[in-house]
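Data first, discussion second: the structure below is written as structure tokens.
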Amino acid sequence: MFENNDQLLPPLPAVVTEPTLEHMLRHFEVEQFLIEEAALLDQGKFQDWLALFAEDVRYWMPIRRTMTTKDTARQFTRPGQMAFIDDDHAMLAMRVRRLKTGYAWAEDPPSRVRRLVTNIRITAATEDEIEVHSNFYTHRVRLEKEEDTWVGHRQDRLRRVDGALKIRQRAIFIESTVLQSPNLSNFF
């Protein structure tokens, strides 16, 4: 699932990308799910956003390093090494609760954030799980002068739970090697 061939979960079988009705309906469902997820975050509905995650989720953003051409396979840290974010459901829930306390100084007053999700591709699937790759653009404005932009791609593992999609795993790959933002208080 991950670019550097480190797996957090066993691989799923690749999907055939023939334009069958079943494939188009599954793609539409996944696309709408990711668009709705971004809308919940943009609207500050963090508790509703958290409900989109499976209880055994892993939400991970590795550190990117600048490497020579021959070493590009090692440009991202691997699972178990240093990461910008490496959260489970309990940590995500704590981050969401903290935003409501009034003591999350990095988000009080709240940032104005807009998220764009694009190039959504289903790369593997079983009856119960779907592997999805997508690109994202996140723009945050805070106070009068703070402005941050993050661009990258995500690799998600979605699981069907009681008929609804849940995020089982998310790996977030930022294009930047140095983050200019004073904090990472937002979600991707």
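The values are calculated or read from the model by the stated rules, or taken from the named source; none is laboratory data. Fair warning: this is a prediction, and the values are worked out from it, not measured in the lab. Using ideal geometry, Cβ is built from the backbone for each residue, glycine included, and neighbour counts are taken over all protein chains shown. Keep in mind that these areas ignore ligands, DNA and RNA; they rest on the heavy atoms of the full protein, side chains included. Shrake-Rupley method; radii C 1.70, N 1.55, O 1.52, S 1.80 Å.
Of note:
- The tail of the calculated P(r) for the chain, taken as Cα-Cα distances beyond 25 Å, holds 36 percent of the pairs.
- When the chymotrypsin sites (Phe, Trp or Tyr not before Pro) in region 75-152 are filtered for DSSP coil states and for at most 11 other beta-carbon atoms within 10 Å of their beta-carbon, the remaining sites are Tyr103.
- Under a model in which nothing but the beta-carbon of Lys, Arg (+1) and Asp, Glu (-1) is charged, the chain shows a dipole of about 560 debye around its Cα centre.
- Residue-span extension gain [Phe28 to Leu179] - 0.36 nm each, minus C-alpha spacing: 51.1 nm
- Solvent-accessible area per residue in the chain equals 54 Å², computed with a 1.4 angstrom probe and all protein chains kept.
- When a 1.4 Å probe is rolled over the protein heavy atoms, the share of accessible surface on the chain that falls to carbon and sulfur comes to 54 percent.
- Dipole orientation for the chain: of the candidates Ile122, Gln32, Asn183, Asn183 has the Cα lying most toward the positive pole (charges on Cβ; Lys, Arg +1; Asp, Glu -1).
- Scanning the chain for GluC sites (Glu not before Pro) in DSSP loops with at most 16 neighbouring Cβ atoms within 10 Å leaves 4-126 as the longest stretch between them.
- Spatially close Lys pairs in the chain, defined by Cα atoms under 27 Å apart and a spacing of eight or more places or different chains, total 5.
- For region 155-174 and region 32-104, distance of Cα centres in Å: 11
- Prolate/oblate/rounded label for region 15-103 (Cα gyration tensor, a/c 1.5): oblate
- Charge-dipole axis of region 94-188 as Lys and Arg at +1 and Asp and Glu at -1 on Cβ define it, positive-most pick from Ala171, Val132, Tyr103: Tyr103
- Placing R0 at 22 angstrom, the Cβ-Cβ distance between His153 and Ala124 gives a FRET efficiency of 0.90 after rounding to 0.05.
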